[in-house]
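*Asks:* Sharing a structure here in structure tokens format.
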Amino acid sequence: MTPIWLGLLGLALALPIPALLARSTWPLRAPRAGIVMWQSLAVAAILATSGAGLSTALWLVSVDDPSPWRVALHVAVLGIGVLVWARFWWAAWTVWRRTGERRRRQRHLVDLLGEPDGAEPALRVLRHETPIAYCLPDRTKARVVVSSGTIDLLDDDGLQAVLEHERSHVRSRHDLVLEGFEFLRAAYPRFLRTDAPLHQSQVMVELLADDAARRVGGVKPVAKALVTLADAPTPAGALGLGSAAAVRLDRLRDPDPSNRLAAASLYLFSAAVVVVPTVAIAIPWMVHAWSVLLER
């Protein structure tokens with residue numbers, strides 16, 4: 001029964017459990033821990049599905065004269081495991097390549113059209129009335145982009161809040177966090193997955209960048225920047241400041257947004273999601289598999 005239990009666990013962690021968690025807002029109270037929670041769910045789902053495939057393969061070669069229906073069921077579980085891993089590696093390659101190409105193209109455009117800032121080599125200012133602010137993360141060639149419209153509408157404190165927000169994205173490489181969720185999201189077929197982990201994580205990295213800007217310049221400049229840039233467009237592959245403004249403004253009203261209880265609960269839940277199935281299902285199966293292999 002191990003392949004069936006692992007297969008059901010993998011499917012539960014891929015679709016119904018994330019869909020239920022997405023209806024709650026408590027992970028947003030501790031965004032860093034919330035991201036870890038979503039990562040643990042995604043990794044646990046992949047591991048459970050992979051374990052289902054491996055245990056199925058062992059069962060198929062170790063059981064004498066199995067019934068046809070059990071063979072068909074185990075082959076289906078094995079097929080899902082193989083499909084998930086194939087889709088994961090294909091998605092990792094295609095998303096990484098596509099996102100990199102978009103950022104290189106966008107970086108080339110802002111280098112051509114934008115004006116560099118001598119005090120901040122990565123900053124580019126676009127001569128455009130529309131308020132714009134985003135960053136193009138990269139290990140060595142990151143860019144922070146603002147428009148002249150943004151500069152005209154914000155005072156010095158508001159502009160510094162915008163710049164610190166985007167610098168935080170670049171420093172923390174939030175783009176890699178989101179790309180990882182895109183890989184894991186694409187691993188499962190559409191009818192077996194939910195987009196909740198990716199969507200909530202997109203909000204959470206913005207909350208983390210808001211916290212970084214708040215620590216530097218206070219709440220009011222960040223709030224004013226959010227209102228000013230609420231509808232600002234963001235190119236594909238970039239991280240912009242204008243998304244999920246309502247949720248972020250609500251968090252800014254809290255004088256101390258750090259929630260240790262929520263963070264501790266999320267970290268504990270994340271550890272349990274990975275450790276409990278491993279101890280309860282995976283380790284007993286590995287012991288059994290080892291004994292079967294020794295007997296053969």
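*Asks:* Among the residues of segment 173-198, which ones are hydrophobic (A, V, I, L, M, F, W, C) and under 14 Å from the mean Cα position of the chain (by Cα)?
*Replies:* 176, 177, 178, 181, 183, 184, 186, 187, 196, 198 - these are the residues of segment 173-198 that are hydrophobic (A, V, I, L, M, F, W, C) and under 14 Å from the mean Cα position of the chain (by Cα).
*Asks:* Show the residue pairs that are 6+ apart or on different chains and have beta-carbon atoms under 6 Å apart, the first residue being within segment 245-262 and touching a residue at least 60 places away in the same chain (Cβ under 8 Å), the second being of a type in the set (Phe, Trp, Tyr) and surrounded by 11 or more Cβ atoms within 10 Å (Cβ to Cβ).
*Replies:* Close Cβ pairs satisfying both conditions: 262/26.
*Asks:* Just give me the residues in segment 111-130 being assigned to a loop (DSSP other than H, G, I, E, B) and either acidic (Asp, Glu) or surrounded by 18 or more Cβ atoms within 10 Å (Cβ to Cβ) (or both), in sequence order.
*Replies:* Those that are assigned to a loop (DSSP other than H, G, I, E, B) and either acidic (Asp, Glu) or surrounded by 18 or more Cβ atoms within 10 Å (Cβ to Cβ) (or both): 114, 129.
*Asks:* Across segment 173-203, what is the number of residues that are among the polar types (S, T, N, Q), within 20 Å of residue 142 (Cβ to Cβ) and outside any helix (DSSP H, G or I)?
*Replies:* The number of residues fulfilling the criteria is 0.
*Asks:* Mind checking whether some residue in segment 15-31 is modelled with pLDDT under 80 and of a type in the set (D, E, K, R)?
*Replies:* no
*Asks:* Residues of segment 234-256 being surrounded by 12 or more Cβ atoms within 10 Å (Cβ to Cβ), part of a loop (DSSP other than H, G, I, E, B) and at pLDDT 85 or above, which ones?
*Replies:* Correct list: 234, 235, 238.
*Asks:* Could you count how many residues in segment 257-267 are surrounded by 12 or more Cβ atoms within 10 Å (Cβ to Cβ), farther than 30 Å from residue 224 by Cβ and either basic (Lys, Arg) or more than 19 Å from the chain's Cα centre (by Cα) (or both)?
*Replies:* Number of matching residues: 2.
For every residue, the table says whether it meets (1) out of contact with any Lys or Arg (no Cβ under 9 Å at 6 or more places or on another chain); (2) closer than 25 Å to residue 102 by Cβ.
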residue: 167; (1), (2): yes, yes
residue: 170; (1), (2): no, yes
residue: 176; (1), (2): yes, yes
residue: 205; (1), (2): yes, yes
residue: 224; (1), (2): yes, no
residue: 236; (1), (2): no, yes
residue: 241; (1), (2): yes, yes
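*Asks:* Among the residues of segment 221-278, write down those that are within 23 Å of residue 178 (Cα to Cα), charged (D, E, K, R) and in contact with a helix residue (DSSP H, G or I) (Cβ under 7 Å, 6 or more places away or on another chain).
*Replies:* Across segment 221-278, the qualifying residues are 248, 251.
*Asks:* Then there's this: Only one residue in 124, 97, 143 is charged (D, E, K, R) and closer than 30 Å to residue 188 by Cα, so which one is that?
*Replies:* 97 is the lone residue from the list that is charged (D, E, K, R) and closer than 30 Å to residue 188 by Cα.
*Asks:* Would you say residue 191 is farther than 18 Å from residue 246 by Cβ and in contact with a helix residue (DSSP H, G or I) (Cβ under 9 Å, 6 or more places away or on another chain)?
*Replies:* For residue 191, the condition - farther than 18 Å from residue 246 by Cβ and in contact with a helix residue (DSSP H, G or I) (Cβ under 9 Å, 6 or more places away or on another chain) - is not met.
*Asks:* Among the residues of segment 142-172, write down those that are assigned to a loop (DSSP other than H, G, I, E, B) and under 22 Å from the mean Cα position of the chain (by Cα).
*Replies:* 142
*Asks:* Next question. Tell me which residues, restricted to segment 29-57, are assigned to a helix (DSSP H, G or I), farther than 16 Å from residue 17 by Cα and small (Gly, Ala, Ser).
*Replies:* Passing the criteria: 33, 50, 51, 52, 53, 55, 57.
*Asks:* Could you list, ordered by first residue, the pairs with Cβ atoms under 7 Å in which the first is in segment 156-173 and within 17 Å of residue 243 (Cβ to Cβ) and the second is in a helix (DSSP H, G or I) and charged (D, E, K, R), at least 6 apart or interchain?
*Replies:* 165/210
*Asks:* Can you tell me which of 87, 105, 139 is outside any helix (DSSP H, G or I) and either of a type in the set (D, E, K, R) or over 23 Å from the mean Cα position of the chain (by Cα) (or both)?
*Replies:* It is 139.
*Asks:* Within segment 96-110, can you find the residues that are of a type in the set (A, V, I, L, M, F, W, C) and either surrounded by fewer than 17 Cβ atoms within 10 Å (Cβ to Cβ) or under 11 Å from residue 238 (Cα atoms) (or both)?
*Replies:* Listed by number, the residues that qualify are 96, 109.
*Asks:* Across segment 204-230, which residue is surrounded by the fewest Cβ atoms within 10 Å (Cβ to Cβ) among those that are touching a residue at least 60 places away in the same chain (Cβ under 8 Å) and not in a helix (DSSP H, G or I)?
*Replies:* So the residue we want is 218.
*Asks:* Test residue 195 against the criterion of being closer than 21 Å to residue 28 by Cα and of a type in the set (D, E, K, R), and give yes or no.
*Replies:* So residue 195 passes the test.
The values are calculated or read from the model by the stated rules, or taken from the named source; none is laboratory data. This one's a predicted model, so the numbers in the text were calculated from it and none came from an experiment. FYI the Cβ positions are ideal-geometry reconstructions off the backbone, even for glycines, and counts take in every protein chain you see.
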